[in-house]
Amino acid sequence: MYPSDATRSGPQRLRTSDTEREQVAAILRAAMTEGRLTLEEGEERLGQVYAAKFRDELGPLTADLPDNGRQALAATPEAQAATRRGIRRHARFVAVLALFLTALWALSGAHFFWPAIPLVFLVMGLMRHARYGRYEAGYGYRHQVAPWNAPTYR
């Protein structure tokens, strides 16, 4: 038996954080810069963002923007710097693993350069990471749902 809404304990709505408010504000500022929102409409929505207390109040503010504004959020300097750091970290991992596998091959005395097989897949993953900005198994960055737009399951 599932509890009804009346007997469910705890808050029904999740409170929003300052970070989430700033993300939505960055999306709205980018939309104003692109000309998708007028200055008056953007200022009105920014006021609503900073007045929001719960996550579900943030979703409607970006609902009429393309992709709910997630592309604008990914284009911020902070997001681009984080992507570059991630690519550098991934490249270092591939380089260290390549050196380790090559040393293992040299010590084994094998004639066939077998590290080429895993290195091909490692380099393909690094190229995907560099091209799309994020390396994730599954759907990738375009299918992520921001917390304020996530469906609420009861």
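Assorted remarks:
- Inter-residue pairs, beta-carbon under 9 Å, first more than 22 Å from H129 (Cα to Cα) and in the range 92-117, second surrounded by 11 or more Cβ atoms within 10 Å (Cβ to Cβ) and aliphatic (A, V, I, L, M), 6+ apart: T102/L119; W114/L101
- Within the range 37-69, the set of residues being at pLDDT below 90, under 11 Å from I27 (Cβ atoms), part of a helix (DSSP H, G or I) and not charged (D, E, K, R) comprises L61, T62, P66, N68, G69.
- Residues of the range 55-72 that turn out to be basic (K, R) and within 17 Å of the chain's Cα centre (by Cα), as a count: 1
The values are calculated or read from the model by the stated rules, or taken from the named source; none is laboratory data. The structure presented is a predicted model; accordingly, all values stated were derived computationally and were not measured. Because the Cβ atoms are built from the backbone with ideal geometry, glycine has one as well, and the counts that use them run over all protein chains shown.
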